[in-house]
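The values are calculated or read from the model by the stated rules, or taken from the named source; none is laboratory data. Note that this is a predicted model, so its numbers are computed, not measured. As a convention, Cβ positions derive from the backbone with ideal geometry for all residues, glycine included, and neighbour counts pool all protein chains shown.
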Amino acid sequence: MPRQQSLIFITNRSSTGALAEQIARADAFSLEIAATISKGLELLVERHFDVIVLDVQPSAKSLLDCLRTIVHDDPEAKVIVAVPADDVPSAVQALHHGAADVLVHPLSSQSLRRAIRSALGTAVKQSARLGSRNNQTLLEDNVTIVGQTQVMREVEHLIAKAAPTDATVLICGESGTGKELVARAIHLQSNRRKAAFVVVDCSSLVENLFESELFGHVKGSFTGATVTKHGRFELADGGTIFLDEIGQISPNLQGKLLRVLQEREITKVGSNQVVRVDVRVIAATNTQLQVAAAQGKFRRELFYRLHVVPILLPPLRERRADIPLLASHFLEKYRLVRRKKVQEISAKAMDRLMNYDWPGNVRELEHVIERAVVLAEAPIISPRNLTYFSLEEPASEELPADGRLRTMEKMHIQRALERFGGHRAKTAEYLGIDRKTLRAKMVKYGLSD
């Protein structure tokens, strides 16, 4: 049985402490929270922690002093530092002094979990280099892709075809559609599954630290570089690197990344030694890179390098038939995590979920179900538990200007088709007619699925 990963949060912010508890419950981490730096350092002397999150206000000097002490005592410590959004100097110094990652306030559960998972993946990689007998991978044994629609079956087919190869994959889709989940599924089905899976959030990279973060630096290469640091590509050697939001990097950084993809080698900042890396690259974007390349906003050569196996993830509003499956999946997950006796979602609540457009996609649906599980006082989730923006009781719709029965019937059938993602059997059942009658009416009104 794999060892439980351990976290320590050294923070005097109640909001960060709440996030820590939420993440620890969701991912089954062992957690310690130290409200002062001195208490945190005492705990670090007493035991080892896989990841250390350092978020101390208001003194940046205290935070950096604490970081220096931790790295001095344990150069391989995985420390994530959080700083105010307007304190760029502290962010730069933190990375120079050995921080594994830097986040800026306000912190989100998503960004914090991603940083922790990336740091854990780094620890696994370094453990393997040292010949640890207890080498553990960051990922679970499997990743569940939930969906029954044709488009999601095609996505699963592409994952299965691409995974065994080392081909570069570009995952496209709106925010919240599950791009990182697909990347993890590809890694787990590949020959690299026992090696590290390293996540890089390109949108959060500081441009003047790009090379240091991705390629590493040697001790003394610049002011504050007190230790030699491995870059993300080196840590992913033998495994997979996931470059999320690749469309956010500047043209200058695009050129540097292109060379690495072409030559499969890196050079640490402050060193002349070339280091070969064996890394499988998966990138993701929520922008249309092909359009950006045509407009000169993204390098064509880099786009061609990334666009070997494209996978397009549809927004949730275009696969509504998957909403009941996803909702049930998240219900099962969070009733266990939150220790609630909620068993099902009522028909009226499900109807509300089906009629919402989900601008935040699957991620938004997951948050809605988690909140509903927490709020539910009965074994069944009801509409009143869905207290979430547009999920409130919808206002009655206006009648069409043309009040003829034919027009209203056409509109009703069209909305039912949209509601069930074009699934004719479910649409017919909802309308109380058979599939043959539905097909005849669709032909009559010129409707498609």
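Residues in the stretch 42-57 include at least one that is over 23 Å from Arg193 (Cα atoms) and at pLDDT below 80.
Okay, residues lined up against (1) over 21 Å from Thr69 (Cβ atoms); (2) touching a residue at least 24 places away in the same chain (Cβ under 8 Å); (3) in contact with a strand residue (DSSP E or B) (Cβ under 7 Å, 6 or more places away or on another chain); (4) surrounded by fewer than 16 Cβ atoms within 10 Å (Cβ to Cβ):
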position: Ser14; (1), (2), (3), (4): yes, no, no, yes
position: Ala18; (1), (2), (3), (4): yes, no, no, yes
position: Ile23; (1), (2), (3), (4): yes, yes, no, no
position: Ser30; (1), (2), (3), (4): yes, yes, yes, yes
position: Ile37; (1), (2), (3), (4): no, yes, yes, no
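Looking at Ala115, Ala128, Ala91, just one residue is buried (at least 20 other Cβ atoms within 10 Å of the Cβ), at pLDDT below 75 and on the phi < 0 side of the Ramachandran plot, and that residue is Ala91. Looking only at residues in the stretch 235-246 that are outside any strand (DSSP E or B) and crowded, with 20+ Cβ neighbours inside 10 Å, the one that is farthest from the chain's Cα centre (by Cα) is Asp237.
When the test is whether a residue is assigned to a loop (DSSP other than H, G, I, E, B) and within 30 Å of the chain's Cα centre (by Cα), Glu32 does not pass it.
Total residues in the stretch 335-348 satisfying the condition of being surrounded by fewer than 22 Cβ atoms within 10 Å (Cβ to Cβ) and either touching a Cys at 6+ places or on another chain (Cβ under 7 Å) or outside any loop (DSSP other than H, G, I, E, B) (or both): the figure is 6.
Output yes when any residue across the stretch 320-329 is modelled with pLDDT of 90 or more, over 23 Å from Arg153 (Cβ atoms) and among the small types (Gly, Ala, Ser), and no when none is. No; the residues of the stretch 320-329 include none that is modelled with pLDDT of 90 or more, over 23 Å from Arg153 (Cβ atoms) and among the small types (Gly, Ala, Ser). Considering the conditions (1) at pLDDT below 90; (2) touching a Ser or Thr at 6+ places or on another chain (Cβ under 9 Å), Leu316 is excluded by exactly one of them, (1). Restricting attention to the stretch 267-308 and to residues that are β-branched (Val, Ile, Thr) and farther than 20 Å from Phe233 by Cβ, the residue that is modelled with the lowest pLDDT turns out to be Thr287.
Number of residues in the stretch 307-317 that are buried (at least 16 other Cβ atoms within 10 Å of the Cβ) and more than 19 Å from Leu170 (Cα to Cα) equals 1.
Conditions (1) touching a Lys or Arg at 6+ places or on another chain (Cβ under 6 Å); (2) at pLDDT below 75; (3) in the same structural domain as His329 (by TED's automatic domain parsing); (4) closer than 26 Å to Thr177 by Cα, marked per residue:
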{"position": "Ile345", "(1), (2), (3), (4)": "no, no, yes, yes"}
{"position": "Met354", "(1), (2), (3), (4)": "yes, no, yes, yes"}
{"position": "Gly360", "(1), (2), (3), (4)": "no, no, yes, yes"}
{"position": "Asn385", "(1), (2), (3), (4)": "no, no, yes, yes"}
{"position": "Glu397", "(1), (2), (3), (4)": "no, yes, no, no"}
{"position": "His412", "(1), (2), (3), (4)": "no, no, no, no"}
{"position": "His423", "(1), (2), (3), (4)": "no, no, no, yes"}
{"position": "Ile433", "(1), (2), (3), (4)": "no, no, no, no"}
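Of all the criteria given as (1) at pLDDT 85 or above; (2) farther than 20 Å from Ala284 by Cα; (3) touching a Lys or Arg at 6+ places or on another chain (Cβ under 7 Å), the one not satisfied by Gly173 is (2). Residue check: is Thr149 more than 27 Å from Ser111 (Cβ to Cβ) and touching a Ser or Thr at 6+ places or on another chain (Cβ under 9 Å)? No: the conditions fail for Thr149. In the set (1) surrounded by 15 or more Cβ atoms within 10 Å (Cβ to Cβ); (2) outside the structural domain of Val200 (by TED's automatic domain parsing), the condition left unmet by Glu332 is number (1). So if I check each of Ala225, Ala236, Ala195, which one is modelled with pLDDT under 80 and small (Gly, Ala, Ser)? Step by step, each of Ala225, Ala236, Ala195 is checked, and only Ala225 is modelled with pLDDT under 80 and small (Gly, Ala, Ser). Among the residues of the stretch 176-216, which ones are small (Gly, Ala, Ser) and part of a helix (DSSP H, G or I)? Listed by number, the residues that qualify are Ala183, Ala185, Ser203, Ser204, Ser212.
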